[in-house]
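What follows is calculated from the coordinates using simple rules that are stated; it is not laboratory data. These numbers were taken from a predicted model, which means no experiment stands behind them. Neighbour counts run over all protein chains shown; Cβ positions are idealised from the backbone, glycine included.
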Amino acid sequence: MAQPIDVALTAAWRALSTLDETCGWRSIAIAEKGNCTLLAGRLFPSNEEALLLTFDGNVSLPLSSQLPDAQGFKVMQIPSKSLTASLALVRQSHGHLEFFTRMASDVVNTIVNNESCSNDVNLHLFLGRIRAWQAFMKKGHDSLTTEAELGLVGELEFLDQLLSTSLLPYTVLQGWVGPLDGIQDFELGHGAIEVKSTLAHQGFTAKIFSLDQLDDANRQPLFVCGCRFAIHSTGLTLVERIKDIRLKLSTDLTAIALFESLLIAAGYLDAHAECYTRQFIVRDTYFWLVDEQFPRLITSNVSLRVRRAEYEIDLSSLQKNQTTINEVIKMLGAV
């Protein structure tokens, strides 16, 4: 029986460790996919753990300035005189080894479990997954706060509704830009949707975190989707919602790979699953078109001296409409 990837990486790194001061790379192959080889490696004389991705064949690597670099790890090109091209995910000296091992194992599994053997796809998966971990690290290594958990539940509820429309799953997931620090949570067609969630029985107060969040200057139309939840024993936990969406995407391996990366970028890890025990049911879902009458602070209606702002809106005071999600995506030009 094959070893789990994290065990194989740890064993390889241990075998490669040495006090030898010779400069250069030492590596052990861990897995292969198409014309790509994944290797556990160490860079000497610094003796840093690394995950190497080597391509046998044509592939266009990004410029060094475009490669991910975060606190605890970096991605670098490995110079080669042969026809092969290589990238390395390298732990920096201050990076936590256990966390780095988890990230490297996840990257390997993502590539190995994908149905494509294309060099370009494998490169995209390698860098995309690392960038997801980079976004995760910005949010911290701990489980989501209760507020962040509710926010993610709301975005997943809207995403689940989109998956029930005529839109292709991969199109839906490409439009989920909130985890990647998008201005709004979803960008579809030529418009956008900002999702807000509440557990309040009465009222609906939405926090707005910037002057850009409700600005439709760049993408029109802009909608706010309001999801009212309640905690109830018949509801679904965050983990159960994710499980349901994974099941819906199970036949589209490209879409599910993107979904998993976006979950990491949103701050969710399966390792924290036991932290998410609240069971959410949806009471109501509303859509508001953000237009001239919508109460908002944006760059064009505040003083030039106002550089940034956070504020709250009482959405319950706005007139509720009967717009459906199919009408919304049609207005966005997504279908």
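One table, with the values for the structure above:
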| read-out | value |
| --- | --- |
| Positive-pole candidate from Ser93, Ala309, Ala11, dipole of the chain, charges at beta carbon | Ser93 |
| Relative contact order [Cα under 8 Å, 6+ residues apart], the range 1-149, whole percent | 20 |
| Global form of the range 226-329, assessed from the alpha-carbon gyration tensor, a/c cut-off 1.5 | prolate |
| Förster radius 56 Å - calculated FRET efficiency between Thr171 and Thr22 (Cβ-Cβ, nearest 0.05) | 0.65 |
| Lys pairs under 23 Å by Cα in the chain, provided they are eight or more residues apart or on distinct chains | 16 |
| Residue order, fewest to most beta carbons within 10 Å, for Ser86, Ser166, Ser143 | Ser166, Ser143, Ser86 |
| Contact order normalised by residue count of the chain, Cα under 8 Å, 6+ apart, percent | 15 |
| Segment Thr237-Thr251, length gained on full extension (0.36 nm per residue, minus Cα span) | 2.7 nm |
| Kirkwood hydrodynamic radius of the range 152-226, Cα pairs, Å | 13.0 |
| In the range 26-101, trypsin sites (Lys or Arg not before Pro) in a DSSP loop with at most 16 other beta-carbon atoms within 10 Å | Lys81 |
| FRET efficiency for Ser316 and Cys117, using Cβ-Cβ distance with R0 set to 51 Å, rounded to 0.05 | 0.45 |
| Pairwise FRET efficiency - Glu98 versus Ala15, Cβ, R0 = 22 Å, nearest 0.05 | 0.75 |
| Expected-Rg normalisation [2.2 N^0.38 Å, Cα atoms] applied to the range 13-100 | 1.08 |
| Table column - 3J(HN,Hα) (Hz), the range 196-210, Karplus curve with 6.51, -1.76, 1.60, x for Gly and Pro | 10, 10, 8, 10, 5, 6, 10, x, 7, 8, 10, 8, 10, 9, 6 |
| Semi-axis lengths, Å, the range 146-331, gyration tensor of Cα atoms, sqrt of 5 times eigenvalues | 27, 19, 17 |
| Net +/- balance of residues flanking Leu214 in space, Cβ distance below 9 Å, scoring K and R +1, D and E -1 | -3 |
| Under the Debye formula (equal points on every Cα, no solvent term), log10 I(q)/I(0) of the chain at q = 0.07, 0.11 Å⁻¹ | -0.35, -0.80 |
| DSSP-assigned coil residues among GluC sites (Glu not before Pro) in the range 1-72, each with at most 11 further Cβ atoms within 10 Å | Glu21 |
| Cα gyration tensor shape of the range 67-139, rounded if a/c is under 1.5, else prolate or oblate by comparing a/b with b/c | oblate |
